[in-house]
Amino acid sequence: MLIYSGSYLVAQQNEKWLDVAEELLIRESDSRHAEEHCEEQQILLSYPININHASLAQLESCGLFTPYQAQQIILYREEYGKLLSLYELASLPGFRRVFLEEQVIYMTVDESKADFPMRQTPGMLLLYAGMNFQDAEDQAIYPGSPWKTSLRIKKAIGGRFTVGMAYEKDQGEKVYWEQGPEHICGYLEWRGRRRVEQLMLGSFRINNGLGLIQGSGLMHSPQGIFAGPLLLSTLKPYAGVAESLIHRGAACKLNFGHIKLVLWSSFQNIDLSLGGLSPEGRSNDWADQIRESGYHRTSTEQSGRKLGYIGSAGIQVLVCLGSLNLGIQYSPEINGLNRRGRDSLQYFYDPVFYHASSVQWLWRHNKVELYGEFAPGSEKTSALLAGSRFQINDFLSGLVQVHRYEALRRKTFSSAYASGTHVKNERGVLLLIHAEPFRGFRTEAALEFFSHPAPRSLVNVPSSGFRFSLNVQNGSREKLLWRLRMVNTSRQHSKASDHPGIRPLISIQNLRMDGRIIYMPLPLFTWQSRLDISFIPGKVEGLGHTALQQLTIRIKERLKCTTRLVLYNVPTWNNRIYLHEPGLYQQFKFPVYSGTGSKISVLTSLKATKRINLEARASLDRERENKRWEVEMQLRLKL
């Protein structure tokens, strides 16, 4: 049984973080956060942290442990020496049994991996190229090649420095723009062991507090809130293909024992979305007009390129007093049109300044955690996100959370579980219960209520809604894994009309049911079957469904092949279904299934040597009479 347990845990955990990513898509219809989430989890899985050799700072920053848990690991090592088994953590305060079962694959006590205690590779190069043969007629309007290409490099220099660089060109874009690559970013990071914990120059991301004024993708799903540790301060270098929600500048993290400081400064040009601008009455708050897609293909997309700028800076002070963490942060921001923007749009407004601040807290006592963040302001600009995670026993735990974002709340890089990147004009409450009534059986239920007290996008009057989800599955150490999930969502919008006046609300309800079976008779063989159904209650004629069959065979740990077949029939866009598709390393795809057709894909991975991996993927999507071919190739090299 032990020979299979590792494979079972990996398969179960993979499906878990893919489910969270799919939920992000369902909530926001935005793949950026889902792809970033998947990449983080994939790195964790590929390069586990060595808890016998990691420092306190490394344990706190790895994303697996809260500061309290990291401190308990250090104290345990000082008193008893190195851990012989990861399950020794179960005896430490602050560690739940379910946490160990789900996170153990991200940790190690293997002495052969002591040279790199953090979850990082000594060096890696990813060279990717892919082409989509769909829309052959539409490709004529694009100025660039139909190939999508990217290059990503990461290298550790000595034991302190890490450098990273990423280049990307999307399909239809030109390789160069103004004598430079289409998209390029990179960083230089230095990690210290004393006062200066982290120094960073280049591209980076920040998640401070719970994301009300500074953060991206932190609190987007109930499962993400419940499963992961709450970290009030996270500073990460970035060298990826996302072109928005990143800082470009310098940052540092200082450690003075019980007091920690994060300081940053950032300045970058931004693309503007000109389609929504009217000739009259343009707002001078150009940050609201950021184009977040990142594509530069059509003339409209290119005309808004780098017309504006955003500059920001900030400081966060975090005080750690045992089981109590208190933080305060302040962040000013400036945005406006640069010379290119003023010449193109003929607007000469002065720059716009914003000042945002917040206080955060995280307190743990026995089996209860209280957390929150409050961003002060006027009665129309304040924001609050607060909650409690509690553990009744080893088999029953839960979460209660409330949020309140006023109508004029605004911050470019803010995020929250209910509103994505638009934290404003919403109030709500969330209740989540996780239970394990008997061995090998888990159930999780979440209920959310939210309201919008003022008009918002697509809704011209106050509105409200709710979301209920139920997830039932077996344990993570079985050959046969199964899961049943149901999500019922109700939301409201106003019907489009050219006539003036208040238009009535239209309530839309969507019920999504998902069943999955994963069978692993051998560690090198996996079969998965899945059925998704989405429909509006009372309107059976609009029922949409996808049926999935997937087979993965690994030959001698060097050659792996995954074949997937999806049959779909989704008549209406409101019942569209998102599915993650097996892709190349750090290349994530979440196709949207709408219409009627089928899709077959084959993914092959060959480990040529210890340092070289070759991967290729081909797929055919047939929708009625239309066919779409796609091919991808990737070279992965350990430096």
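Figures for the structure shown
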{"quantity": "Of all residues in the range 373-396 being outside any loop (DSSP other than H, G, I, E, B) and over 24 Å from the mean Cα position of the chain (by Cα), the one that is surrounded by the fewest Cβ atoms within 10 Å (Cβ to Cβ)", "calculated": "ASN393"}
{"quantity": "LEU551 being in contact with a Ser or Thr (Cβ under 9 Å, 6 or more places away or on another chain), part of a loop (DSSP other than H, G, I, E, B) and more than 30 Å from GLY538 (Cα to Cα)", "calculated": "no"}
{"quantity": "Among residues of the range 148-169, those that are closer than 14 Å to PHE204 by Cβ and outside any strand (DSSP E or B), counted", "calculated": "0"}
{"quantity": "Criterion violated by TYR593 - all others in (1) more than 28 Å from ALA166 (Cβ to Cβ); (2) more than 28 Å from the chain's Cα centre (by Cα) satisfied", "calculated": "(2)"}
{"quantity": "Some residue of the range 493-507 being at pLDDT 85 or above and touching a strand residue (DSSP E or B) at 6+ places or on another chain (Cβ under 9 Å)", "calculated": "no"}
{"quantity": "Filtered residues of the range 455-474 (kept if of a type in the set (S, T, N, Q) and in a strand (DSSP E or B))", "calculated": "SER463, SER464, SER469, ASN471, GLN473, ASN474"}
{"quantity": "Tabulated pairs, the range 164-189, first touching a residue at least 12 places away in the same chain (Cβ under 8 Å), second basic (Lys, Arg) and in a loop (DSSP other than H, G, I, E, B), C-beta under 8 angstrom, 6+ apart or interchain", "calculated": "ASP170/ARG297; GLN171/ARG297; GLY172/ARG297; GLU173/ARG297; TRP177/ARG305; GLU182/LYS174"}
{"quantity": "Any chance ALA34 is part of a helix (DSSP H, G or I), modelled with pLDDT under 70 and within 23 Å of LEU230 (Cβ to Cβ)", "calculated": "yes"}
{"quantity": "One residue from TYR371, TYR330 being closer than 23 Å to GLU406 by Cβ, aromatic (Phe, Trp, Tyr) and either free of Cβ contacts under 8 Å to residues at least 40 places away in the same chain or touching a Ser or Thr at 6+ places or on another chain (Cβ under 7 Å) (or both)", "calculated": "TYR330"}
{"quantity": "Failed item in (1) part of a strand (DSSP E or B); (2) of a type in the set (D, E, K, R); (3) surrounded by fewer than 17 Cβ atoms within 10 Å (Cβ to Cβ), with ARG342 passing the rest", "calculated": "(1)"}
{"quantity": "Residues satisfying the stated conditions in the range 592-620, i.e. crowded, with 18+ Cβ neighbours inside 10 Å and either out of contact with any strand residue (DSSP E or B) (no Cβ under 6 Å at 6 or more places or on another chain) or of a type outside the set (D, E, K, R) (or both)", "calculated": "TYR593, SER594, GLY597, SER601, LEU603, SER605, ASN613, SER619"}
{"quantity": "Hits in the range 597-639 (condition: assigned to a strand (DSSP E or B), more than 14 Å from GLU581 (Cα to Cα) and among the charged types (D, E, K, R))", "calculated": "LYS607, GLU615, ARG622, GLU623, LYS627, ARG628, ARG636, LYS638"}
{"quantity": "Residue within the range 571-580 that is surrounded by fewer than 17 Cβ atoms within 10 Å (Cβ to Cβ) and in a strand (DSSP E or B) present", "calculated": "no"}
{"quantity": "Which numbered condition LEU210 fails, given (1) aliphatic (A, V, I, L, M); (2) modelled with pLDDT of 80 or more; (3) closer than 30 Å to ARG364 by Cα; (4) in contact with a Ser or Thr (Cβ under 8 Å, 6 or more places away or on another chain)", "calculated": "(4)"}
{"quantity": "Count - residues of the range 316-337 that are of a type outside the set (A, V, I, L, M, F, W, C), surrounded by fewer than 15 Cβ atoms within 10 Å (Cβ to Cβ) and modelled with pLDDT under 90", "calculated": "1"}
{"quantity": "Complete set of residues in the range 295-314 that are in contact with a Phe, Trp or Tyr (Cβ under 6 Å, 6 or more places away or on another chain) and in a strand (DSSP E or B)", "calculated": "GLY308, GLY311, GLY314"}
{"quantity": "Conditions (1) at pLDDT below 65; (2) touching a Ser or Thr at 6+ places or on another chain (Cβ under 8 Å); number of the one not met by ASP135", "calculated": "(2)"}
{"quantity": "Unmet requirement for LEU45, which otherwise passes all of (1) aliphatic (A, V, I, L, M); (2) assigned to a helix (DSSP H, G or I); (3) over 20 Å from the mean Cα position of the chain (by Cα)", "calculated": "(3)"}
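The values are calculated or read from the model by the stated rules, or taken from the named source; none is laboratory data. Note that the coordinates shown come from a computational prediction; the quantities given were computed from them, not determined experimentally. A quick note on method: Cβ atoms are made from the backbone with ideal geometry, for glycine too, and the neighbour counts reach across all protein chains shown.
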